[in-house]
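Each remark here refers to the structure printed beneath this line.
The values are calculated or read from the model by the stated rules, or taken from the named source; none is laboratory data. Predicted model only: the values in this text are computed from it and were never measured. Here the Cβ positions follow ideal geometry from the backbone for every residue, glycine too, while neighbour counts run over all protein chains shown. Quick note on the areas: whole protein, heavy atoms, side chains included, nothing else; ligands and nucleic acids left out. Shrake-Rupley method; radii C 1.70, N 1.55, O 1.52, S 1.80 Å.
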Amino acid sequence: MAAMTTLIKETVDAFHRGGFHLIQPLGQGHRSGMDAMLLAALVSCEGSCRVADLGAGAGAAGMAVASRVATAEVLLVERSPIMAGFARRSLALPANAHFAGRVAVLEADVTLTGKARVEAGLADDTFDHVIMNPPFNDAADRRTPDRLKAEAHAMSDDLFETWIKTAGAVMKPGGQLSLIARPESIAEIIAACGRRFGGIEITPLLPRAGENAVRILVTAIKQSRKRLALRAPLVMHGEGTHRFSPDVDDLNNGRTAYPRRR
């Protein structure tokens, strides 16, 4: 694995104001940032909990959960051996020793189903939380010359149906699905949740007050029959500044969670 990753330029980046560090590729693939941190903030545990990060990449979101939630055991699920290698090397960093023993890496394809999925290491009814930041379904990205990014975007048009089906299979009844996506994906996400998940809560993320949403944060509960709720937007920046608002800065830096309302 080391021989594969040494061919790729990399950085070691601090998250949560130095709470943990991540080795990730430079100039190739998807570099983790605020999307992963906000996704991690959707996980709120009382007592011990098991969390699966589907399509984990270098592991930023899953590690952010483990760093903030001392009772969480996290499985990083990633099909790319290269990206899984970055995750394993990050877990070996001394700066991550406080949670490394609670995090594991599984090389597996999220789209596997039935017996193949179970044999790959994703058993039914196992996790309390499943988080995901699926590759956004953009045809232009699929044509990228970046080999890591192209690999991440090798997907079908039923992306959310496939990923959410897997989430529903591996999650315990009453478990929570959390994801971050582009606003135009709302209809696909709701359709994919179908009867698997209910109590969907959607939070728009706005660059500034009065501007259109650039992301949505979505949570849902397995087998819930509660209705969909559209929550008040999160606003990233104040007028005329690039500083994060206090609420978003707390979420981005692991100081607080963004719990469900119901």
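Using the Cβ-Cβ distance between R182 and A97 with R0 set to 35 Å, the FRET efficiency works out to roughly 0.45.
Considering all different alpha carbon pairs of the range 23-62, the Kirkwood hydrodynamic radius works out to 11.4 Å. For the range 17-132, taking the reciprocal of the average inverse distance between every pair of different Cα atoms yields a Kirkwood hydrodynamic radius of 14.2 Å.
The H on the amide N of L42, modeled in the peptide plane, is under 5 Å from the matching H of Y258, each at least 5 residues off or on a different chain. Alpha-carbon geometry of the range 1-70: the Rg and the Dmax are 13.1, 42 Å, given in that order.
Working note: Cα atoms of the chain, range along each principal axis, descending, whole Å: 51, 49, 42. Averaged per residue, the chain has 45 square angstrom of accessible surface, using a 1.4 angstrom probe with ligands and nucleic acids left out. Based on Cα contacts under 8 Å between residues 6+ apart, the chain shows a relative contact order of 18 percent. Taking the three principal axes of the alpha carbon atoms in the range 197-240, the coordinate ranges are 44, 12, 12 Å, sorted in descending order. Measuring nothing but protein heavy atoms, the accessible surface of the range 59-130 at 1.4 Å probe radius is 55 percent carbon and sulfur.
For the pair H242 and L7, what calculated FRET efficiency results from E = 1/(1 + (r/R0)^6), where r is the Cβ-Cβ distance and R0 = 45 Å, to the nearest 0.05? It comes out at approximately 0.80.
Of the two radii for the range 93-133, the radius of gyration is 1.06 times the Kirkwood radius, both from the alpha carbons; that is the Rg over Rh value. Between the alpha-carbon centres of the range 29-107 and the range 196-223 there is a gap of 22 Å.
Here the calculated FRET efficiency for A123 and A191, from their Cβ-Cβ distance with R0 = 25 Å, stands at 0.45, rounded to the nearest 0.05.
Label point of A229 set 7 angstrom out along Cα-Cβ; within the range 34-52, amide nitrogens under 17 Å from it belong to 42-45.
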